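Here's the structure we're looking at; comments come further down.
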Amino acid sequence: MVAYVNGILESIEEGNAVVDVNGIGINVNISGSTMDRMPGIGEVVKLYTYTNVKEDAFTLFGFLSRDELGLFKLLITVNGIGPKGGLAILSVMSPDDLRFAIIAGDSASIAKAPGIGKKTAERITLELKDKIKVTEDSLLSQGGDSLGGELSGENSSAKDETVAALVALGYNQSDAMRAVRKVLGSDAGVAADTEDLLKLALKEMF
């Protein structure tokens, strides 16, 4: 119903921000990570919102990016995950970290969110993996680190082999994917050589 709220940040506290829009103070529920990235009091802020309507309440949940809002909407499609649960997960995980965890089946990382149990986290990875998987190959070109275009087939193969090698060495798969992403994101000219990519990724793991 409300696509976004754009105005002056009037006040902010744990889990809530008040945005002054033309003299009207609007309460918006926000995640811990969103709170950490908000501008200062008195500055302009734009929050992309999800409207939760109940018989006795009309609540807005706000995010600084459409990407984060999109993931929030996906999360709340999972049985047992309401808006507060979705917000709790995005308080402890960035959008990319959440994608990595879902693709890798890393329910343990998701279960670290307050109020999210092991079974609920497992349900999230099971139900959302197919919906997230279509973006797996493009994850490396999303977010703040642009790789200057899609990976070639050779680079994609080296990426997969490097992730597999890191997992074989005992590293968590989502952490392995994140390390490879950082290497490729920091140097778009990295050669499609699994051995070199593995060496650089290992440095990111420490």
Notebook entry, point to check: By how many nm would the segment from ASP56 to SER157 grow when fully extended, if each residue of separation counts as 0.36 nm and the alpha-carbon distance is taken off?
Noted result: 31.1 nm
Next item on the list: Multiply the residue gap between GLU122 and VAL2 by 0.36 nm, knock off their C-alpha separation, and tell me the result in nm, one decimal place.
Entry: 40.1 nm
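SER94 to LYS131: FRET efficiency via 1/(1 + (r/R0)^6), r the Cβ-Cβ distance, R0 25 Å, to the nearest 0.05? It would help to have the intermediate numbers written out before the result.
Numbers: r = 18 Å, r/R0 = 0.73.
Efficiency for this residue pair is about 0.85.
Neighbour counts of other C-beta atoms within 10 Å: give me ARG99, ARG66 arranged from fewest to most.
Working: ARG99 23, ARG66 11.
With the sparsest Cβ surroundings first, the list reads ARG66, ARG99.
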Next item on the list: With 26 Å as the limit, write out which pairs from LYS129/LYS203; LYS129/LYS159; LYS131/LYS159; LYS119/LYS159 have Cα-Cα distances beyond it, or answer none.
Entry: LYS129/LYS203; LYS119/LYS159
Notebook entry, point to check: Measuring from label point to label point, each 7 Å out along Cα→Cβ, what is the SER11 to ASN27 span in nm?
Noted result: 1.1 nm
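For ILE30, ILE103, ILE24, what's the fewest-to-most ordering of other Cβ within 10 Å of each Cβ? Don't jump to the answer; show the numbers that get you there.
Numbers: ILE30 25, ILE103 19, ILE24 8.
By the 10 Å Cβ count, ascending: ILE24, ILE103, ILE30.
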Next item on the list: Sort TYR50, TYR171, TYR4 so that the residue with the fewest other Cβ atoms within 10 Å of its own Cβ comes first and the one with the most comes last.
Entry: TYR4, TYR171, TYR50
Margin query: What value in Å³ per residue do you get for the convex hull of the alpha-carbon atoms in the stretch 1-106?
Written below: 103 Å³
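For the stretch 66-134, what does the equivalent ellipsoid look like in terms of its semi-axes, each the square root of 5 times an eigenvalue of the Cα gyration tensor, given largest first in whole Å?
Working: eigenvalues 41, 36, 26 Å².
For the stretch 66-134, the ellipsoid semi-axes come out as 14, 13, 11 Å.
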Checklist line | Pairwise Cα inverse-distance average, inverted: Kirkwood Rh of the stretch 4-64 (Å) | finding: 11.4 Å
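Any read-out appearing in this document is the output of simple, stated calculations on the displayed coordinates, not a laboratory observation. Since the model is a prediction, treat every value here as computed from it, not as a measurement. Cβ coordinates were reconstructed from backbone atoms using ideal geometry, including for glycine residues, and neighbour counts include every protein chain displayed.
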